[in-house]
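The values are calculated or read from the model by the stated rules, or taken from the named source; none is laboratory data. Not measured: the values here are computed from a predicted model. Cβ placement follows ideal geometry from the backbone for every residue including glycine, while neighbour counts extend to all protein chains displayed. Protein only, heavy atoms only, side chains kept; ligands, DNA and RNA dropped before computing areas. Shrake-Rupley method; radii C 1.70, N 1.55, O 1.52, S 1.80 Å.
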Amino acid sequence: MEYEWKPDEQGLQQILQLLKESQSPDTTTQRAVQQKLEQLNQYPDFNNYLIFVLTKLKSEDEPTRSLSGLILKNNVKAHFHNFPNGVTDFIKSECLNNIGDSSPLIRATVGKFALVDIITFSICRMAKLDIQW
């Protein structure tokens, strides 16, 4: 069964605002945003919002979309084991569907994410199968 997810508009706007604020040259603003983003990792839907911004919000500016993908990439590396069922498949599916995005920046971001995705998910599969290196 395909995992379907739709963002809450208010939550989406809050995350977009944080992504935009994180691009501020002010280090105090950047630190505050970083703390808020870390707190958002406690919410199961946070990574769905990030992949949604990266792959679905084509009207959003490219730096914001790309930043969303880079944060998602870091979240996969750090928090993959905490992802709810279906989220992993949703992220992989959205990346594959957007590997040919018209924007070179978004293609590069999706490509970087895909590489981390393959490595992380492969290592986790090996760990579950108790494969020794």
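Using a Förster radius of 25 Å, what is the FRET efficiency between Lys112 and Glu21 based on their Cβ-Cβ separation? Nearest 0.05, please. Display every interim value, and only then the final one.
Numbers: r = 23 Å, r/R0 = 0.92.
Working from the Cβ atoms, E equals 0.65.
Counting only heavy atoms of the protein chains, get the accessible area per residue of the range 1-104 (1.4 Å probe) and round it to a whole Å² value. Show your work: numbers first, answer last.
Details: 6130 Å² over 104 residues.
Here the per-residue accessible area is 59 Å².
Could you check the spin-label model distance between Ala32 and Asp89? Points 7 Å from the Cα along Cα→Cβ, value in nm.
About 4.1 nm separates the two model spin labels.
Once you put a point 7 Å from the Cα of His79 and another 7 Å from the Cα of Glu60, both along the Cβ direction, what distance in nm separates them?
1.5 nm
If you build the Cα gyration tensor of the range 51-103 and take the root of 5 times each eigenvalue, what three semi-axes come out, in whole angstrom, biggest first?
Working: eigenvalues 81, 32, 14 Å².
Three semi-axes, in Å: 20, 13, 8.
Can you give me the % of accessible surface on the range 1-62 that is carbon or sulfur? Probe 1.4 Å, all protein chains present, nothing else counted.
Values: 1970 of 4130 Å².
The computed percentage sits at 48.
Over the range 34-118, what is the mean sequence separation of C-alpha contacts under 8 Å (at least six apart), divided by residue count, expressed as relative contact order in percent?
Numbers: 66 pairs, mean separation 28.3, N = 85.
Taking the mean separation of contacting Cα pairs over the length of the range 34-118, I get 33 percent.
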